[in-house]
Amino acid sequence: MYTELLHALPNVLGFSNFAAVVIGVIAGIVVGAMPGLSATMAISVLVPFTFGLDPLVALGLMAGIYNGAMYGGAIPSVLLRIPGTPAAVATTFDGYPMAQRGEGGYALQVAVVSSSIGGIASAFALMLLAPPLSKVTLLFGPSEVFWVAVFGLCSIIFLLGGNPVKGLLSACFGVFVSVVGADPIYGSDRYTFGFLELLDGISIVILLVGLYALPPVIDLLEVPLKTDTDTNRLGTEPIWRTLPRMMRFWKTWLRSAAIGIWIGILPGAGGSMAAFMSYNEARRSSKNPDDWGKGEPEGVAASETANNADTASALIPALTLGIPGTAVAAVMLGGLLVHGLQPGPMLFRNNPDVVFGFMWQFLFGAILLVLLGGSLATNSFARLLNLPRPLLGAVIIVLMLIGVYSINGRMFDVYLMLGFGAIGYLMDKLKFPLPPVVLGLILGGFAEENLRLALRIGRGDWSVLFANTVSQVLVLLTLAVIVGPIIKRRFFKKDEARG
Amino acid sequence: MSASDKNRLYRPETLTALGIIVVAAGLLVPTAALQPISALLPAAMLIGLIGLSVALLVRDQRKAGAGDIPEQVTTAPKRVLLAFLLIFGYALCVDFIGFYVSTAAVVPLVAYVFGYRNPLGLAIATVIVLVSIYTIFDLGMSREFPVGRLWKN
């Protein structure tokens, strides 16, 4: 089962594939360090540029960005108390007080080492768990695949937390977008309104760039942020000197990595939840919990290990079942589709070199974090905080246009992307979750195709959808995902009422 | 209709729900012309959108009835509107005037309007952006960008 994993290694060590990971990590740290920009946005902007690239080069860039951005978010968290990414909120609790007492450099080194350890653990989890799970999913037929898609959509809506009505609305919107274009069986036009450009459907890339890249750009321009922190003097020692001091965090690293991996696998959770849970657990187990929140480096270690440990593990359900664990994983699924790689059971059979190579790239990305984000680089990356945000916003707008225009060489796609961007901005502000839209677009067509195939096999008999045990289990899991949070909420309300 | 009743209708979630209902109902009409199996998923989604929007509307109006004050969509509506106008304007300019001319104008314009006003910095940044794009995409990847519909004829 794991021989294919070893076979993929030499390919990843090729110059272009390895260089892609290095560039991705650096770009990820830069993006993560800029408050308001996220890994999701960076990968969305990147995806259209990867069209002409070898799939492994493209995926290496994405893996590097994901790893780099998760650490990069710690830089403004520590220096400015502004989390660079949502997952870095918990890092501010102790990172910023450390910076205030002149230990900002050490805080960033703890962050980079912990991020790297979390990322390595997560990559190993992906390597160990995804191949056997993919073997199981290979046994699935059309009706099971249909239920997997329904389960995936429901889990991301109901486990995401927040308002389930808004989650369902987002998912319905995504699925509706997936049906635009020619009908896959009859060829009849569906919602093309006479535009030939819509006959092939709406490219996932157009939706991704619109939903995930435009709203942060508007946010960059909406709120003027002044960064007047002196980031030139962090008091950074070489990392090899500070490393022995960090070894006392080993228990926190282990615990936080386990929490991060688990949260990553759960659909709908994410880096911020992993970081908060891990921070709380580490504080609970600490001998001096009163020092936490006042500059305890172990707090930075807990948060950063967990938020990086959920990166590769979020891809376990994404690669094997087509259900992403996080928003970034959803965007990465889009990246895979761009290269003709359909996430799900067949991915491991049809493209083992690419999928296993991708896993190695995650591991190398995590290891490279220490080398690239280490002592010298930490100072340089911290200076990024002084880049003017309006200029950055303008450059991203240009990149978005180039990327989307390059897909088919037509302005129609650009206008469509801007339309999705406006919808995405409103959804973001009104707290409609965005991942269900992407998942709806990915799984909508997939679910419809398999539903129709199953009905053809069953000669129009709908009971074929419930005919075997796997389908029945998936239906029960879907119901559990829907009913579970409702029951949980009722219990919480009862507990609160009892006082 | 009293002023408070009007205010209740202008709540962001209420307006969103109403908007979704109108658009989804309008989009339901073309499904009648499709084969039943072809119309199944789009019709289900549109009906779902309408039903869920009604639920959102009712809940938001109940909140309004209980005196809840809705969250503001944006803290700086003028800046947001301006940002959208500039971005949409940029896309139109690229389409009609051409990519390089529009980009040379828009990068410094957006940065200047939103607060970065160092002329030397703006000039250097614009040149770097244009030269990088030309080198990477035009020379390196042979990508062609719009030359502008106005100059085509």
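The values are calculated or read from the model by the stated rules, or taken from the named source; none is laboratory data. None of these values were measured; they are calculated from a predicted model. Note: ideal-geometry Cβ built from the backbone for every residue, glycine included; neighbour counts use all protein chains shown.
Table for the structure above
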read-out	value
Conditions (1) of a type in the set (S, T, N, Q); (2) surrounded by 24 or more Cβ atoms within 10 Å (Cβ to Cβ); (3) under 29 Å from A:Leu168 (Cβ atoms); (4) within 13 Å of the chain's Cα centre (by Cα): number failed by A:Ser272	(2)
Among (1) within 23 Å of A:Gly260 (Cβ to Cβ); (2) buried (at least 20 other Cβ atoms within 10 Å of the Cβ), the one test that A:Val45 misses	(1)
Unique residue being modelled with pLDDT under 90 and buried (at least 23 other Cβ atoms within 10 Å of the Cβ) when the list is A:Ile185, A:Ile157	A:Ile157
B:Gly148 vs. criteria on the phi > 0 side of the Ramachandran plot, modelled with pLDDT of 90 or more and surrounded by fewer than 19 Cβ atoms within 10 Å (Cβ to Cβ)	yes
Odd one out for B:Thr74 among (1) at the interface with another protein chain (Cβ under 7 Å from one of its Cβ atoms); (2) over 24 Å from A:Leu153 (Cα atoms); (3) touching a helix residue (DSSP H, G or I) at 6+ places or on another chain (Cβ under 8 Å); (4) in a helix (DSSP H, G or I)	(4)
Number of positions in the range B:92-132 that are loosely packed, with under 14 Cβ neighbours inside 10 Å and small (Gly, Ala, Ser)	2
Sole exception among (1) modelled with pLDDT of 85 or more; (2) surrounded by fewer than 22 Cβ atoms within 10 Å (Cβ to Cβ); (3) within 30 Å of A:Ser114 (Cα to Cα) for A:Leu369, by number	(2)
Top-ranked residue in the range B:14-64 [being of a type in the set (S, T, N, Q) and within 10 Å of chain A (Cβ to nearest Cβ); ranked as farthest from A:Leu168 (Cα to Cα)]	B:Gln35
Residue within the range A:411-432 that is of a type outside the set (S, T, N, Q), in contact with a Gly (Cβ under 7 Å, 6 or more places away or on another chain), outside any helix (DSSP H, G or I) and farther than 27 Å from B:Leu92 by Cα present	yes
Candidate set: the range A:177-212, residues that are assigned to a strand (DSSP E or B) and farther than 23 Å from A:Leu434 by Cα; chosen: the one nearest to the other protein chains (Cβ to nearest Cβ)	A:Arg190
Answer residue from the range B:106-153, given it is in a loop (DSSP other than H, G, I, E, B) and in contact with a helix residue (DSSP H, G or I) (Cβ under 7 Å, 6 or more places away or on another chain) and is farthest from the other protein chains (Cβ to nearest Cβ) among those	B:Gly148
Given (1) more than 10 Å from chain A (Cβ to nearest Cβ); (2) in a helix (DSSP H, G or I); (3) more than 25 Å from A:Asp413 (Cα to Cα), number of the condition B:Gly67 does not satisfy	(2)
Residue match in the range A:120-133 (condition: in a helix (DSSP H, G or I), in contact with a Gly (Cβ under 6 Å, 6 or more places away or on another chain) and either farther than 20 Å from A:Ile263 by Cα or not small (Gly, Ala, Ser) (or both))	no
Number of positions in the range A:17-73 that are in contact with an Asp or Glu (Cβ under 6 Å, 6 or more places away or on another chain) and either modelled with pLDDT of 85 or more or hydroxyl-bearing (Ser, Thr, Tyr) (or both)	0
Test: A:Ser116 is without any contact (Cβ under 8 Å) to a residue 12 or more places away in the chain and either of a type in the set (S, T, N, Q) or under 26 Å from A:Glu448 (Cα atoms) (or both)	no
Residue selected from the range B:93-105 under the condition touching a Leu at 6+ places or on another chain (Cβ under 7 Å), more than 10 Å from chain A (Cβ to nearest Cβ) and not in a loop (DSSP other than H, G, I, E, B), by the criterion nearest to A:Ala394 (Cα to Cα)	B:Ala104
Extreme residue, farthest from A:Glu222 (Cα to Cα), among residues of the range A:403-420 that are at the interface with chain B (Cβ under 8 Å from one of its Cβ atoms) and touching a residue at least 40 places away in the same chain (Cβ under 8 Å)	A:Ser406
Residue check, A:Ala257 within 28 Å of the chain's Cα centre (by Cα), closer than 22 Å to A:Gly104 by Cβ and modelled with pLDDT of 85 or more	no
Matching residues in the range B:73-101 - criterion: being without any contact (Cβ under 8 Å) to a residue 24 or more places away in the chain and not aliphatic (A, V, I, L, M)	B:Thr74, B:Thr75, B:Pro77, B:Lys78, B:Phe84, B:Phe88, B:Gly89, B:Tyr90, B:Cys93
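A quick yes/no check of all residues on (1) under 24 Å from A:Met346 (Cα atoms); (2) more than 14 Å from every other protein chain (Cβ to nearest Cβ):
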| position | (1), (2) |
| --- | --- |
| A:Met427 | no, no |
| A:Leu439 | yes, no |
| A:Leu443 | yes, no |
| A:Leu479 | no, yes |
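To keep it simple, each residue is scored yes or no on (1) surrounded by fewer than 24 Cβ atoms within 10 Å (Cβ to Cβ); (2) within 14 Å of chain B (Cβ to nearest Cβ).
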residue: A:Ser116; (1), (2): no, no
residue: A:Gly119; (1), (2): no, no
residue: A:Ser122; (1), (2): no, no
residue: A:Lys135; (1), (2): yes, no
residue: A:Pro142; (1), (2): yes, no
residue: A:Cys172; (1), (2): no, yes
residue: A:Val175; (1), (2): no, yes
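Residue-wise test of (1) within 13 Å of A:Gly28 (Cα to Cα); (2) out of contact with any Pro (no Cβ under 9 Å at 6 or more places or on another chain); (3) in contact (Cβ under 8 Å) with a residue 12 or more places away in the chain.
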residue	(1), (2), (3)
A:Ile43	yes, yes, yes
A:Gly52	no, yes, no
A:Gly73	yes, no, yes
A:Pro86	no, yes, yes
A:Arg101	no, yes, yes
